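In what follows, a single structure is set out as structure tokens and then discussed.
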Amino acid sequence: MRTLVAFLLGLIIGGVAMLFLPDPRRDELNAEIRTKTEALETQLRQFGEQFKDSKLPQPENKSPTASPSATPQ
């Protein structure tokens, strides 16, 4: 719920700022946000590549029989 409120508040503040800021300042903010967004996108892609290359630990019990606790009673 807090996340939704923060998102809506950010939209409202951003909309008001874009309406009342002069054009040069608005362009400056857009360029600044664009560079930060691109940096975050590249970091996210790198994280995704690292995550794809990582191997999950395998379970130790590799016997084909079911464990006693998993059998239905």
Tally Lys and Arg at +1 and Asp and Glu at -1 over the other residues with C-beta under 15 Å from the C-beta of T35: what net charge comes out? -3
Where Lys and Arg each count +1 and Asp and Glu each count -1, what net charge lies around A17 among other residues with Cβ under 10 Å from its Cβ? +2
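Each reported figure results from applying straightforward, stated rules to the coordinates on display, with no laboratory input. Every value quoted in this text rests on a predicted model; they were computed, and no experiment measured them. When we count neighbours, we look across all protein chains shown, and the Cβ atoms used for this are built from the backbone with ideal geometry, even at glycine.
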